[in-house]
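Chemist: Handing you a structure now.
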2 protein chains.
Amino acid sequence: MLTNRQLLVLQVIIDDFIDSAHPVGSRAISKRKDITFSAATIRNVMADLEDMGFLEKTHSSSGRIPSEKGYRYYVDHVIAPSIQNGKLDIMQHIIQDEFIEMEKLVQKSAEVLSDLTSYTSIILGPEIYETKVKQLQIVPLSKQTAVAILVTDSGHVEHHSFTIPVEINASDLEKMVNILNERLQGVSLARLPEVLNTEVLSLMKIYVNDFEKAYDYLKSAFFSEQPTKLYIGGKTNILMQPEFKDVEKIRSFYSMMEDEDEVVNLLKNPQHGIRVSIGHENKLEAIQDFSLITASYQLGENQTGTIALLGPTRMEYRKVITLLNALSNEMTEALYLWYKNNG
Amino acid sequence: MLTNRQLLVLQVIIDDFIDSAHPVGSRAISKRKDITFSAATIRNVMADLEDMGFLEKTHSSSGRIPSEKGYRYYVDHVIAPSIQNGKLDIMQHIIQDEFIEMEKLVQKSAEVLSDLTSYTSIILGPEIYETKVKQLQIVPLSKQTAVAILVTDSGHVEHHSFTIPVEINASDLEKMVNILNERLQGVSLARLPEVLNTEVLSLMKIYVNDFEKAYDYLKSAFFSEQPTKLYIGGKTNILMQPEFKDVEKIRSFYSMMEDEDEVVNLLKNPQHGIRVSIGHENKLEAIQDFSLITASYQLGENQTGTIALLGPTRMEYRKVITLLNALSNEMTEALYLWYKNNG
DNA sequence: TGTTAGCACTCATAACAACCGAGTGCTAAT
DNA sequence: ATTAGCACTCGGTTGTTATGAGTGCTAACA
């Protein structure tokens, strides 16, 4: 446990460093109004904090910078207790229209978040597996092609074009759609493959000629990955940070960001609430010079989405955590209302 | 007009520089097998080429690098005549499935193109204004919300969620959809606003209560910008180029790329065929250190899309132009076949 | 007259020394 | 326990010098 004085010095150093990105020296600290003791004393305190692993030097006679352990302590003991679980009305920036599509809402949130912080924001849309089929439809475009359209109760629309196999005639197609609509309505996307396999297949056997081919097509149209939607805001913000001097870092950062799977994986967050990963606490090597703050939001009963901010370890933790916390609350509420109206 | 020898030297310098990114000296040139004369002679030739503005020095005793005028001459007199209007079967990399949606096709093309060249590719999807309404549908989600879905004959699907105003009841909604479907089928997206305004509005007046409100909603759902789809591949490729040493350049490049309107504007190309803009020939300041090669492709009668590659002025013009030329031909052909099947 | 060898000159780049100053650790005085 | 004082450290900057790739020019040559 740290003494009050030690904590104060740690805090000052971190605040200063977050602001300036330069190592902080004892004299600079002693000049502050809230510091009543001298530079020499501060040096002693700093030496102690360094021994404990909260501070580091860039070279033997430099000022101190916070270590990752230092940030961790700061976040856990200084920031976390002071965060109140409130709201900031961020949503008013995001929702302007009376009604907004869920996907647009998420996208807009990502933009606002990155504008507000000048870090890079990443938002994982709510899982759509739990949304239920509202309507399924096949629109023929020509003799050989058609579009299959699936609408869910959340307003999500999925569509695929496909060629109609010559073996299938128009009346078969119509029958098929009828069967599908009847049987699939209200089925969640997660259960779609299962239901398709059991109930629908057997029905199709009876009513549809060449049902196997038809079934194959159907499957490929709607079983294909239902990717979790990913929105990234302010990709270039990170370039403004002074820690991005060398091109190599930029390169590895951007090539990571291009790999959607990797990013999704990064955010998948089993735990609720705010999570802070500082530097090497991140498993992914490409962001071990960064900190990642994630917060989850809820939609309905068991659909979860994730909001995150990615910045340098020298991050404005207080601001970011407050913001993210508020936003996740507000999003959950907004989506709850929306869900209620739609249920 | 350049003498053969001058042209040869210019060509060698450009080829060398494209390859190495380093200024080319007279001794290095003289070592090549196709050069029969000495370094001193080359120096004289280089001095002449510099006087004519085709070469530059980075400092008074450096080797030469091509000027933009040099590249221009090279492209016009060396590359252009040698390009034959052929195909390279690039499409086989892109189309794997029997049938592929047009949007996916364009997206995939962007990826393949950037992989093949290690530059950044930008593709403007074909204008969808000329595609025609196939079906319009409104799927109610709840009492207050619904999704409007528009399918065009090209397989393009557009959808918008909206709240149903309390003043409109279910039967009105249905009537409206019927009217819309009847009247709008076969109408091109370009003419949609017009048709909506004239024919549909008057009909709605007769059959639908509170038609004004309904009309407003409809309008906002489908009049909203139908943005030209933009696909960018290999954004990070450009970082591999040695000319990208300083972060400032990267910054300005990426912030330009984030502004979709700007990029679209850049590509909008009245002229058909291949167009090469070298360095300051580009009007947009942010890419005046780059070269942009654009080619257009056709879909149907009068829909045009654009494919482009963005790289350093020191670009592999021969390779890129050949590639882009072939791809635009192949895309036009593929889309023609597709269009024929669907028409 | 076009070509070439030779040579003095230029300039970017790297390596090295000298210096400055911000900052430390330690010691002795308060 | 705190602080003033002081020697020491080390990154960053500046200035100097050496190196070498490359040029322009001149004079000799075929």
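Chemist: According to a simple spin-label model (label point 7 Å from Cα along Cα-to-Cβ), what is the distance in nm between residue B:262 and residue B:240?
Modeler: Those two pseudo-labels are separated by 2.5 nm.
Chemist: With +1 on the Cβ of every Lys and Arg and -1 on the Cβ of every Asp and Glu, and nothing else charged, how large is the dipole of the protein assembly as shown about its Cα centre, in debye rounded to the nearest 20?
Modeler: Charge dipole of the protein assembly as shown: 1600 debye, to the nearest 20.
Chemist: Right, next: Return a whole-number percent for the relative contact order of chain B, with Cα pairs under 8 Å and 6 or more residues apart as the contact set.
Modeler: It comes to 19 percent, rounded to a whole number.
Chemist: If you take the C-alpha gyration tensor of the range A:227-281, multiply each eigenvalue by 5 and take the square root, what semi-axes do you get, largest first, in whole Å?
Modeler: Ellipsoid semi-axes (Å, largest first): 22, 15, 11.
Chemist: Also: If you add up the charges near residue B:34, with Lys and Arg at +1 and Asp and Glu at -1, over every other residue whose beta carbon is less than 13 angstrom from its beta carbon, what do you get?
Modeler: Residues close to residue B:34 contribute a combined charge of +2.
Chemist: Give the cross-link partners of residue A:132 among the aspartates and glutamates, using a straight C-alpha distance below 18 Å as the criterion and excluding same-chain residues fewer than 8 apart.
Modeler: Once the sequence-local aspartates and glutamates are set aside, what remains near residue A:132 is A:101, A:103, A:153, A:158, A:182, A:194, A:199, A:225, A:301.
Chemist: Let me ask something else. Mean separation of Cα pairs under 8 Å and 6+ residues apart, divided by the residue count of the range A:4-81: what relative contact order is that in percent?
Modeler: Over the range A:4-81, the number comes to 33 percent.
Chemist: To the nearest 20 debye, what charge dipole does the range B:133-222 have about its Cα centre, counting +1 at the Cβ of each Lys and Arg and -1 at the Cβ of each Asp and Glu?
Modeler: Taking the Cα centre of the range B:133-222 as origin, the dipole is about 80 debye.
Chemist: Output the 0 to 90 degree angle, nearest 10, between the alpha-carbon long axis of helix B:4-20 and the longest principal axis computed from the alpha carbons of chain B.
Modeler: Relative to chain B, helix B:4-20 is tipped by roughly 60 degrees.
Chemist: Given B:117, A:79, B:60, which one lies farthest toward the positive end of the charge dipole of the protein assembly as shown, if we put +1 on the Cβ of every Lys and Arg and -1 on the Cβ of every Asp and Glu?
Modeler: It is B:60, whose Cα lies furthest towards the positive end.
Chemist: Lysines within cross-link reach of residue B:249: Cα-Cα under 26 Å, excluding same-chain residues under 8 positions apart?
Modeler: Output for residue B:249: A:235, A:245, A:249, B:57, B:69, B:235, B:268, B:283, B:319.
Chemist: Over the range B:119-163, what per residue volume does the convex hull of the Cα atoms give, in whole Å³?
Modeler: Normalising the Cα hull of the range B:119-163 by residue number yields 100 Å³.
Chemist: Also, quick follow-up: Lys and Arg at +1, Asp and Glu at -1: add these up for the other residues within a Cβ distance under 15 Å of residue A:48 and post the number.
Modeler: Net charge around residue A:48: +2.
Chemist: Okay, moving on. Using only Cα atoms, find the angle between the long axis of helix B:317-342 and the longest principal axis of chain B, and express it within 0 to 90 degrees, rounded to the nearest 10.
Modeler: 20
Chemist: Is the protein assembly as shown rounded, prolate or oblate when judged by the Cα gyration tensor, a ≥ b ≥ c being the square roots of its eigenvalues, rounded requiring a/c under 1.5 and prolate requiring a/b larger than b/c?
Modeler: Oblate is the answer for the protein assembly as shown, as a/c is 1.5 or above yet b/c matches or exceeds a/b.
Chemist: Pairing the Cα long axis of helix A:39-52 with the longest principal axis of chain A, what angle in degrees results, from 0 to 90 and rounded to the nearest 10?
Modeler: Approximately 40 degrees, to the nearest 10.
Chemist: At a 10 angstrom cut-off on C-beta neighbours, averaged per residue, how do the peptides B:309-318, A:42-51 rank from highest to lowest?
Modeler: Packing order, densest peptide first, comes out as B:309-318, A:42-51.
Chemist: Applying 1/(1 + (r/R0)^6) with R0 = 56 Å to the Cβ-Cβ distance of residue A:40 and residue B:142, what FRET efficiency is obtained, to the nearest 0.05?
Modeler: Using R0 = 56 Å, I get an efficiency of 0.20.
Chemist: While we're looking at this one, here's another question. Cα-Cα pairs above 33 Å in chain B: how many percent?
Modeler: 45
Chemist: Still on this structure, I have one more. Peptide A:153-164: average number of partner chain Cβ atoms within 10 Å per residue?
Modeler: 6
Chemist: Suppose only helical runs count, i.e. DSSP H with n ≥ 4. What mean residue ellipticity at 222 nm does that imply for chain B under -39500 (n - 2.57) per run, divided by all residues and rounded to the nearest 500 deg cm²/dmol?
Modeler: When only DSSP H runs of four or more count, the value is -13000 deg cm²/dmol.
Chemist: May I ask you to list the residues of the range B:1-36 whose amide nitrogen lies under 17 Å from a point 7 Å from Cα along the Cα→beta-carbon direction of residue B:52?
Modeler: Counting backbone N atoms under 17 Å from the label point, the list is B:1-15.
Chemist: Per q in 0.15, 0.25 1/Å, what log10 I(q)/I(0) does a Debye calculation on the alpha-carbon atoms of the range B:4-81 return?
Modeler: -0.44, -1.30
Where a number appears in this text, it was derived from the coordinates with a stated rule and is not lab data. Computed from a predicted structure; not experimentally measured. Virtual Cβ from ideal backbone geometry, glycine too; neighbours counted across all protein chains shown.
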